[in-house]
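Input: a single structure, listed below in structure tokens.
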Amino acid sequence: MNIKVNWYFILFSPVFFNFIYNLIKNISAFQKFNFYSLISTILGFTSIVLIGYLIKVSFKLNNISLGIVIYLLSFFITDIFTLFITTNISFKHSFLITNIFWFVLFLVRRVNFRVLFLFCLNFIILRIFNHNFINKFEINSNIEVDSWYYLEFCKQIINNNYFYSMNNNLFAGYTQFSSYLHSVMFEYFFSLNSYVYLKPTTNVLFFLTCYFLFELKIDKNQKLFIIFLYSSLVLNSDWLSFLLFDSIMSEGILNYIFAILLFNLFDEKRPEHLKYIYLFFGLLVFSKQFYISLVLINLVFLFIFKDSRKFVKYGFIAFLLKQIMYLSYFSNLEKDHHIRQIDIIDTVLDLLLFRDLNPNNMFGILNNLFIDKPLTYLLLIIFALIFYLLLNRGLISKILYFLIGNIISNFLLIFLLYISVWRNMELESPIRFILNLFLIFLLFITNSVQTINSKTN
């Protein structure tokens, strides 16, 4: 092995060896593995990649993963605009209308007929397999305390529609963006009369993430490394796998969408495409508060750069649309569930004047983080790489600056929140918020490796 080129394999070897050791140690667990779920997941993954490919060639996008994200978000866009006309259309009809739109667009764009036929064939096989073996799947497994309300959101969306679910919300004003996307995945895979959680609808995120990492424009050794690192971390941790692809928690689907859109903001060179990527990136203002904050922070800092300034305005369109929605068909609802619980001015004064703070919570969060040794090791290396790059700022590209900024901003937001407004809250949830950017961690490592290698080779 060329150490100069493959130093990163050696650096993360403790993570790899720990994964392989635990894999061998728990080999008996494969006897309980649900292979029907695996087959359904692979069929669904293949189908989604094919439609991502069709969207990619239709609009000449940089990668298939961006096509997949656009496809998923198109259902939400269709729904929120349809609500200006009628609030009575069912989710299933909205899903059908969106797919008809895509099918007609593919015909108009004259995409490769063989690929379109292969997609249709794969989709039919997926549906036939899932309906014939529906009794072989585990229903509503991995629904725990932290995710039971997501199940209720999905039930209301599938059984009725997004408008009904928002107006019959268990927590007034709580976002249902991620639940809507999970409902889309359920309808795509199964389309049953009533929603139940079935693992293929979220397990597919593991394969989709691996595919996105495979699409990165890096050499094959680095691709192998980053995919193996991702797999070693998430498959070696019940908590990480639960959070990112083995439940209907919001972190998995939002991790995937946020990372792909942020990456493509810097990877795309064509202005006519950039404005649409900014628009889709802005749609994350409908998601969780931490992502909303990061989206707004990114847009503000992107405005500083001359080459991106003229596109930033498209990122704020979704923010304006959200305000209009809450002045029209959601006028009886209060928006921003978490922000509404915070006295912003009082919190800022607390932080500036160092009053009513509990800084010990930062150490409590770190202590809980250190329980997961592989994750701790990953974060220590990330911050070591950040320190090294900041000492060698001439190496840092624009995307690296923003990846570093997102990682540091997320940690700062978490620490500031938990020493002030949430100073009396339990300290396990912050780990979830740290993992909001798990895929961003991997993109940062990939770009750092590429940057350091370019200097040393």
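We did not get these values from a lab; they are worked out from the coordinates using the rules stated. All figures in this text were calculated on a predicted structure; none of them were measured in a lab. Glycine also receives a Cβ, built like all others from the backbone with ideal geometry; neighbour counts cover every protein chain displayed.
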Subject >> Cα-projected label distance for H131 with S191, points at 7 Å along beta-carbon direction, nm >> reply: 0.8 nm
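Going by C-beta contacts inside 10 Å, put I158, I434 in order with the fewest on the left.
Sorted ascending by nearby Cβ count, the order is I434, I158.
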Subject >> J(HN,Hα) series, segment 34-48, from Karplus relation 6.51 cos²θ - 1.76 cosθ + 1.60, nearest Hz, glycine and proline x >> reply: 8, 6, 5, 5, 5, 4, 4, 4, 5, 4, x, 4, 4, 5, 5
Original post:
Taking K and R as +1 and D and E as -1, what net charge do the other residues with C-beta under 13 Å from the C-beta of T451 add up to?
Top reply: +3
**OP:** Any of K60/K223; K60/K275; K92/K313 with alpha carbons more than 25 Å apart? Name them for me.
**Re:** K92/K313
Original post:
If packing is taken as the mean number of other Cβ atoms within 10 Å per residue, what is the order of 41-47, 312-318, 367-373, highest first?
Top reply: 41-47, 312-318, 367-373
Subject >> Derived scalar couplings ³J(HN,Hα) [segment 126-143; Karplus, 6.51 cos²θ - 1.76 cosθ + 1.60; whole Hz; x for Gly, Pro] >> reply: 4, 5, 4, 4, 5, 6, 6, 10, 4, 6, 8, 8, 7, 9, 6, 7, 6, 8
**OP:** Read through the labelled values (1) 84, 64, 44; (2) 57, 54, 49; (3) 84, 51, 44 and report the label of the one computed as Cα extents along the principal axes in Å from the structure.
**Re:** (2)
**OP:** Given the peptides 116-123, 197-204, arrange them by the average over their residues of other C-beta atoms within 10 Å, most packed first.
**Re:** 197-204, 116-123
Original post:
By how many nm would the segment from S429 to E138 grow when fully extended, if each residue of separation counts as 0.36 nm and the alpha-carbon distance is taken off?
Top reply: 102.1 nm
Original post:
With each run of n ≥ 4 DSSP H residues scored as -39500 (n - 2.57), what mean residue ellipticity at 222 nm is computed for the chain after dividing by its residue count and rounding to the nearest 500 deg cm²/dmol?
Top reply: -22500 deg cm²/dmol
Subject >> For segment 117-143 versus segment 390-457, the gap between their alpha-carbon centres in whole angstrom >> reply: 37 Å
Original post:
Assuming R0 = 35 Å, what is the FRET efficiency of S231 and I85, from their Cβ-Cβ distance, to the nearest 0.05?
Top reply: 0.20
Original post:
Karplus couplings for segment 223-234 from phi (6.51 cos²θ - 1.76 cosθ + 1.60, θ = phi - 60°), rounded to Hz, Gly and Pro as x?
Top reply: 4, 4, 4, 6, 5, 5, 5, 4, 4, 5, 6, 7
Subject >> Cut-off 14 Å between beta-carbons: net charge of the residues surrounding I157, Lys and Arg +1, Asp and Glu -1 >> reply: -1
Subject >> Per-peptide average of other Cβ atoms within 10 Å, ordering 402-412, 96-106 highest first >> reply: 402-412, 96-106
Original post:
Given the C-alpha centroids of segment 167-188 and segment 235-297, what is the distance between them in whole angstrom?
Top reply: 16 Å
Original post:
Can you give the FRET efficiency for K398 and F303, using 1/(1 + (r/R0)^6), R0 = 22 Å, r = Cβ-Cβ distance, to the nearest 0.05?
Top reply: 0.95
